[in-house]
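All of the numbers you see were taken from the coordinates with simple rules; none came from a lab. Since the model is a prediction, treat every value here as computed from it, not as a measurement. No Cβ is skipped: glycine too gets one built from the backbone with ideal geometry, and neighbour counts run over all protein chains shown.
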Amino acid sequence: MSCVSREDLQSEWLALAPAWIKEAREGRNPTRNGLLDEPMLAACGDVRGLRVLDCGCGEGRFCRILAERGADYVLGLDLCPPMIEAAQALQGDRDEYRVADVQDLSFLADESFDLAVSYLNQCDLPDFEANTREVWRVLKKGGRFVIANLHPMRSAGGGWHRTPDGKKQHVILDNYFDEGERRWKMMGVDFTNFHRTLSTYIQTFLNEGFVLEGLIEPTVSDERLAEYPELDDEQRVPNFIIYQLLKETK
Ligand SMILES: C[S@@+](CC[C@H](N)C(=O)[O-])C[C@H]1O[C@@H](n2cnc3c(N)ncnc32)[C@H](O)[C@@H]1O
């Protein structure tokens, strides 16, 4: 369990929010546009007519994409008020946003969503088990939970080992079995996220009642790399992972 308080975690995101929102709205966003959106959307499948929950929606970009693709209703939840205010500023008639902690969805009814997504949010949660359990409860039978996360081999810690002239040689993997907090710097802000092993994630999904339908380790094609040269690491190491979970109908 975490030593960092909920308030500290929330204030880290408060400090990150202005740069994050600017980057999402104005930036090239290679990780999302060039790498993760396509497999995330494929894993979500046909969203027309669905009721969708987005856990940790940030400024709402993926909610807007799902609404544009025909979802009937998309609810985006985020703990960080400026993210939600930014999302609400672009809100349409089928998406809605609320400040909420996705580890406690007690304000949502059982079996009230067809699809839930978590786009780089579970690594931010001290208690991802609670989020998994809550999402299972609010999903209808036959509903799916699609989760993009940091790959456990990269969230463990250890950066690139470089030659003296700075050339990337290989990624260091260490402390893999030491689960818990990790401190990083992103956009100039110190922040905390949480590492767990691959077996902890998958075993938790299964223990909470989900079936694992698919597991994707996104990489980039040479054509995509020509468009997004920033993604060169992605042809060498698995930085991200997507879990496709099903709540069975029985
Ligand atoms: C890496 S960002 C991803 C945002 C968005 N899903 C995207 O892909 O652009 C993680 C988001 O999770 C939110 N977050 C962190 N802890 C949370 C919690 N306990 N409940 C709800 N949102 C949380 C942060 O405020 C932040 O907006």
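Ranked highest first by the average count of other Cβ atoms within 10 Å around their residues, in what order do 50-62, 178-190, 238-250 fall? Could the numbers behind the result be given before it?
Working: 50-62: 25.2, 178-190: 12.3, 238-250: 17.5.
Those peptides, ordered most packed to least, come out 50-62, 238-250, 178-190.
Take the Cβ-Cβ distance between Met186 and Glu111 as r, set R0 to 41 Å, and report the resulting FRET efficiency rounded to the nearest 0.05.
On the way: r = 36 Å, r/R0 = 0.88.
Efficiency, rounded to the nearest 0.05: 0.70.
7 Å from Cα along Cα→Cβ at both Ser199 and Asp46: what's the point-to-point distance in nm?
Between Ser199 and Asp46, the label points sit 4.0 nm apart.
Could you check how many percent of all C-alpha pairs in region 1-99 are farther apart than 15 Å?
Details: 3070 of 4851 pairs.
Summing the P(r) of region 1-99 above 15 Å gives 63 percent of all pairs.
If the cut-off is a Cα-Cα distance under 20 Å, which lysines reach Lys185, setting aside same-chain residues fewer than 8 apart in sequence?
Here the lysines satisfying the reach criterion relative to Lys185 are Lys22, Lys168.
Normalised by the residues of the chain, what does the relative contact order come to in percent, with Cα pairs under 8 Å and at least six apart? Write out the running numbers ahead of the final one.
Details: 475 pairs, mean separation 49.1, N = 250.
Across the chain, relative contact order equals 20 percent.
Counting helices only, and only those DSSP H runs with n ≥ 4, report the 222 nm mean residue ellipticity of the chain as the sum of -39,500 (n - 2.57) divided by its residues, in deg cm²/dmol to the nearest 500. Write down the numbers at each step before the final one.
Values: 8 runs with 77 residues, N = 250.
Per the formula, -9000 deg cm²/dmol.
Rounded to whole Hz and in sequence order, give me ³J(HN,Hα) for region 100-108 from the Karplus expression 6.51 cos²θ - 1.76 cosθ + 1.60, θ = phi - 60°, writing x for Gly and Pro.
Karplus-based 3J(HN,Hα) across region 100-108 equals 6, 8, 6, 7, 9, 9, 4, 7, 10 Hz.
Counting DSSP beta bridges in the chain, what percent are antiparallel, to the nearest 5? Show your work: numbers first, answer last.
Details: 22 of 42 bridges.
Beta bridges within the chain, antiparallel portion: roughly 50 percent.
If you take the beta carbon distance between Val237 and Thr163 as r and set R0 to 25 Å, what does 1/(1 + (r/R0)^6) give as a FRET efficiency, to the nearest 0.05? Could you put the intermediate results ahead of the total?
Values: r = 17 Å, r/R0 = 0.67.
Here the calculated transfer efficiency is 0.90.
Debye calculation, C-alpha points only, no solvent: report log10 I(q)/I(0) for region 60-121 at q = 0.17, 0.21, 0.25, 0.26 Å⁻¹, in the same order as the q values.
Taking Cα atoms of region 60-121 as identical point scatterers yields -0.56, -0.88, -1.22, -1.30.
Sort all Cα-Cα distances of region 98-182 into consecutive 10 angstrom bins from zero, then give the percent of pairs in each bin up to the one containing the longest distance.
Calculated P(r), rounded to whole percents: 16, 36, 24, 16, 8, 2.
Which value in nm describes the separation of the simple spin-label points at Leu212 and Asp178, placed 7 Å from the Cα toward the beta carbon?
Each label point lies 7 Å from its Cα, and together they span 2.5 nm.
Using the alpha carbons of the chain, what is the convex hull volume per residue in cubic angstrom, as a whole number?
Values: hull volume 33.0 nm³, N = 250.
Given the Cα convex hull of the chain, per-residue volume reads 132 Å³.
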